[in-house]
Amino acid sequence: MDSITIHENYIHRGSVSSTESTQSTDLEHSSLSHRKSQVSLISNSLILPRPPESTTALTLASLQADNVSIAASLEASMNASIFSDEDTAFKSFPETQTAIDLGFQPKKADSSDDVDEFFSQQKHFFILSAAGKPIYSMHGSDEILTVHAGIIQTIVSFFEFNPDGKTEQLRSFMAGEKQQTRFFFLNKSPIILMATSSLGESDIQLNQQLDFLYNFLLTILSKPHIDRVFQKRDNFDLRKLLGKADIACLDSICNDMSSFNNPGLVIGGLECLKMRRSVRRRIESVMLANKSENLLYGLLVAPNGRLITVLRPRRHTLHTSDLQLLFSMIYNTNTFKTTPIDNNSQELAANEEFWVPICFPKFNPNGFLYSFIQFVDLKEEKLMQLHDLNMGILDEDLDPDSSKITVILVSAYKDSFFEMRKIANSIVKSLKLNRTLFRELFKAIVGTQGINGDTGPSSGKVDPVEIPAPLVQHFVFKSKKHTQFIFSRLAHYKDPNENMRGQLMLMYSHLHARFATSSKTAVQPNESDILKDSHFINLVKWAYLNDTLVGLLITTSNYELYLITNGGIMDEKVLLHSCKNIIKWCKKNQERLFISGGAIF
Amino acid sequence: MSTRKKTILKVIILGDSGVGKTSLMQQFINGKFSQQYKATIGADFLPKDLVIDDKQVTMQIWDTAGQERFQSLGVAFYRGSDCCVLVYDVTNTKSFENLQSWRDEFLIQANIKDPDNFPFVVIGNKIDVEENKRLVSSKKAQTVCASLGNLPYFETSAKEAVNVEQAFDVVARNALQQEESLEFSDDYTDAVNIHVDGDAYGSCGC
């Protein structure tokens, strides 16, 4: 891999990590400059027109002349291992450590009045009214926000009301030390949003994040409501309409976007629970059998917002970002949580029923739909006994929410609570009492059943090892047709914790950002079919401490594959063969991995 | 972010270049005065927390540039103000004569729906100067303020901190009254009914 070193730009550690104590920063800096060439982002991007039968040359985009040899060596390995069907024998590799660490230390939302701290943040989100009145900021006190709301409004207005009479929309600019902080603006008058990022994100990504925040405001207030209050008076203080829970949800959405802890937003899709197609079909027929007149949508969701299936009318589909907003509301706030007596931490309230008005902006920003929400714990002793499931897991100290499925029933009628509750109850009853369905759900979500009474890792997630995909520590495979993806375990059955998930997603976000910007240069005239079939391969190498991580993104018109490998081992042939295996495996299993259509009535 | 919000009051200060808008604001917020003149570019923003009749408020003061070339920003700045402070210099007759046009300009640009009841406060600044340099008399100023709709009038010295607190106290009170005037009737129920039988909705996703 040493031969593949295209130093396109340097990412100093300071830009990926957050503030340290001043003393250690100086030390870090001096040691950093010694290994400057090591702490770098090395990458290249290639566009591969799909060869008819695996033997055409590459077309290179944005590669300098002296890098051609590298490209050629990549080409050779691509042709050998991705696009041909020859099976090369796998060498065996030692099991590498599964720690994924890019040195990235995300910061959470705060209301600190420390100005230095405010300016040291790598990421900011601001929401203000068109009059420059503050609505929300991720970091900083009200006082800091009050000042900055005015400044942001002025900057935006300076372009909107040009002295020479022209009207322009300010989108973004780079500023700050080494010009590496990106400022991005979204003017949704009467609301203005701004984000800053020093984390290498692109305009497209920041735009998407601000759009998500804006849509969250619509979700709780709806478009006409916002428009009306500002039509009545420009000086309206929108914070009057935002409750404690709404602010908490904005905080947690911002936290997730800053720590890259919401894979769906980076990847652009929904995650699904892996399960056999026949089982999913049976669950769908249970839902269909219970539907009644005023039900619009039904959703069954596994922990972490993984879809089990959806129930929907033929004419209406569900929009990805609407569901992402809904899941953010459900899983990221304490609105739906309770604190058990013997415990300090909060968990989803399994014995309550919720009825919530929610505006789904992509479905219709002008009004509310009403959602019945209920959580069902699969780890219920009586049921486990009834269905002969291993009881050992009850003694394990697991996240109490990791065994709860969510039933969501959406209606357009606000007085249909009892009707929805009736449907929910009978769906839940059927799932609990049907031996096959309950056992399958249990296996996919809680854990598989071992022979000797113990419980193994759940079957609803994939481990790169079982594919097999040597060298691959983790991957995400997105099917563009379904706008759904699967998020693997870390190799060897380890579930990434929150921090590690953020590190992974930071790498994938970099890949995604580079893909989005480079793809423009890749368009070739009169070659629409080439574009359609073209393969985009993007590689990022990230050195941190003694570890080198390599992230790889392959996109075609049908799918995107993100993966990561670490430990500095980088045998291209093996790695690319692993890619091929993952792609083959995902295609073969796509009916288990993705929901196509759902239960349609 | 904390969730109990203080009421935010957007206060805009207008007046000719050099009448002392920035000095007034500096005196009010920081209790300081600087002899040096520094033109404001565009606008400056400073927050000031106050308690008015047990109510916590934050004044977001927009200190605008008096210079002509920044006037195109007017629309943007004036929009959504809760109070407008008009400042003139008692030693500068022209700045006094311009008060009315600043006021009219504000009412037009800010799209004020009820101009007769919008709170303005007029400030005659620089009363620390020797009597013979003063060119606008108190009496004359009071007459004009009365004719413009009984606008509250204060004579101040930003340099010697005379009457500044008092003037801004009235600014804050009147702004708060304006902010609270049309108490918003929260009406979620008239959200549009969604007719799910129509097929006007796009499709995407799963």
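The values are calculated or read from the model by the stated rules, or taken from the named source; none is laboratory data. Source: prediction; values computed, not measured. Counting neighbours? That spans all protein chains shown, and the Cβs are built from the backbone with ideal geometry, glycine included. When the accessible area is computed, the model is the full protein with side chains, heavy atoms only, and any ligands, DNA or RNA have been set aside. Shrake-Rupley method; radii C 1.70, N 1.55, O 1.52, S 1.80 Å.
Could you list, in sequence order, the residues of segment B:118-150 that are within 22 Å of B:ARG173 (Cα to Cα) and in contact (Cβ under 8 Å) with a residue 60 or more places away in the chain?
Within segment B:118-150, B:PHE118, B:ILE123, B:ASN125 qualify.
Check A:PHE375 against each of (1) surrounded by fewer than 22 Cβ atoms within 10 Å (Cβ to Cβ); (2) more than 14 Å from chain B (Cβ to nearest Cβ) and name the one condition it does not meet.
Unmet condition: (1).
If you check B:ALA146, B:ALA172, which single one turns out to be touching a strand residue (DSSP E or B) at 6+ places or on another chain (Cβ under 8 Å) and either away from chain A (no Cβ under 14 Å) or more than 26 Å from B:LYS55 (Cα to Cα) (or both)? Break it down into steps so the answer makes sense when it comes.
Values: B:ALA146 fails: touching a strand residue (DSSP E or B) at 6+ places or on another chain (Cβ under 8 Å).
Criteria check complete, one pass: B:ALA172.
Condition test on A:ASP234, is it more than 21 Å from the chain's Cα centre (by Cα) and among the charged types (D, E, K, R)?
Working: more than 21 Å from the chain's Cα centre (by Cα): yes; among the charged types (D, E, K, R): yes.
Here the answer is yes, as A:ASP234 does meet what is asked.
Let me confirm something: among A:PHE442, A:PHE438, which residue is within 14 Å of A:ILE393 (Cα to Cα) and open to solvent by less than 10 Å² (accessible area, probe 1.4 Å)?
A:PHE442
Identify, from the list A:ARG312, A:ARG276, A:ARG280, A:ARG233, the residue that is touching a Gly at 6+ places or on another chain (Cβ under 8 Å), over 30 Å from B:ILE61 (Cα atoms) and not aromatic (Phe, Trp, Tyr).
A:ARG312
So the check is Cβ under 7 Å with 6+ separation or different chains; which pairs have a first residue in segment A:373-391 that's over 15 Å from A:GLU352 (Cα atoms) and a second one that's open to solvent by less than 10 Å² (accessible area, probe 1.4 Å) and among the small types (Gly, Ala, Ser)?
From segment A:373-391, the pairs are A:LEU378/A:SER403; A:LYS379/A:SER403.
If you check every pair at least six apart or on different chains, which have Cβ atoms under 8 Å apart with a residue in segment B:75-99 that is more than 9 Å from chain A (Cβ to nearest Cβ) and closer than 15 Å to B:VAL121 by Cβ first and a residue that is open to solvent by 10 Å² or more (accessible area, probe 1.4 Å) and among the polar types (S, T, N, Q) second?
Hits for this filter: B:CYS83/B:ASN174; B:CYS83/B:GLN178; B:TYR88/B:ASN98.
Among A:LEU250, A:LEU242, which is under 17 Å from the mean Cα position of the chain (by Cα) and facing chain B (nearest Cβ under 9 Å)?
Step by step, each of A:LEU250, A:LEU242 is checked, and only A:LEU250 is under 17 Å from the mean Cα position of the chain (by Cα) and facing chain B (nearest Cβ under 9 Å).
Restricting the search to segment A:138-151, which residues are crowded, with 24+ Cβ neighbours inside 10 Å and more than 7 Å from every other protein chain (Cβ to nearest Cβ)? I'd like the intermediate steps shown before the answer.
Looking only at segment A:138-151, we keep the residues that are crowded, with 24+ Cβ neighbours inside 10 Å, and these are A:138-140, A:145-146, A:149-150.
Within segment A:138-151, A:MET138, A:HIS139, A:GLY140, A:LEU145, A:ALA149 meet the criteria.
Test of understanding: among B:GLN71, B:GLN56, B:GLN60, which residue is crowded, with 18+ Cβ neighbours inside 10 Å and either at the interface with chain A (Cβ under 9 Å from one of its Cβ atoms) or at pLDDT 90 or above (or both)?
B:GLN60
If we keep just the residues of segment A:160-195 that are more than 13 Å from chain B (Cβ to nearest Cβ) and within 25 Å of A:HIS225 (Cβ to Cβ), which is most open to solvent (accessible area, probe 1.4 Å)?
This residue is A:GLN169.
Looking only at segment A:114-137, filter to residues that are at the interface with another protein chain (Cβ under 8 Å from one of its Cβ atoms) and over 20 Å from A:PHE216 (Cβ atoms); which one of those is surrounded by the most Cβ atoms within 10 Å (Cβ to Cβ)?
The qualifying residue surrounded by the most Cβ atoms within 10 Å (Cβ to Cβ) is A:GLY132.
So, in segment B:31-47, of the ones that are within 14 Å of chain A (Cβ to nearest Cβ) and out of contact with any Phe, Trp or Tyr (no Cβ under 7 Å at 6 or more places or on another chain), which residue ends up modelled with the lowest pLDDT? Don't jump to the end; show me each part of the working.
The first filter runs over segment B:31-47 and keeps only residues within 14 Å of chain A (Cβ to nearest Cβ), leaving B:40-47.
Those still in the list that are out of contact with any Phe, Trp or Tyr (no Cβ under 7 Å at 6 or more places or on another chain) too: B:40-41, B:44, B:46-47.
Numbers: B:THR40: 68, B:ILE41: 62, B:ASP44: 70, B:LEU46: 77, B:PRO47: 83.
Looking at the filtered set, the residue picked out is B:ILE41.
Contact list please: Cβ distance under 9 Å, first residue in segment A:311-334 and more than 10 Å from every other protein chain (Cβ to nearest Cβ) and at negative phi, second residue of a type in the set (Asp, Glu) and surrounded by fewer than 20 Cβ atoms within 10 Å (Cβ to Cβ), pairs at least six apart or on different chains.
Taking only residues 6 or more apart or on different chains, the pairs are A:TYR331/A:ASP401.
Among what's in segment B:93-111 and is more than 17 Å from B:PRO152 (Cβ to Cβ) and buried (at least 20 other Cβ atoms within 10 Å of the Cβ), pick the residue that is modelled with the highest pLDDT.
Applying the filter and picking the extreme gives B:SER95.
From the list A:ARG228, A:ARG239, A:ARG280, pick out the single residue that is under 14 Å from A:ILE135 (Cβ atoms), of a type in the set (Lys, Arg) and at pLDDT 90 or above.
When all the criteria are applied, what remains is A:ARG239.
From the list A:SER222, A:SER198, A:SER157, which residue is small (Gly, Ala, Ser), away from every other protein chain (no Cβ under 14 Å) and either open to solvent by 10 Å² or more (accessible area, probe 1.4 Å) or farther than 30 Å from A:TYR508 by Cβ (or both)?
A:SER198
Give the number of residues within segment A:585-601 that are in contact with a helix residue (DSSP H, G or I) (Cβ under 7 Å, 6 or more places away or on another chain) and open to solvent by 50 Å² or more (accessible area, probe 1.4 Å).
Of the residues in that region, 3 qualify.
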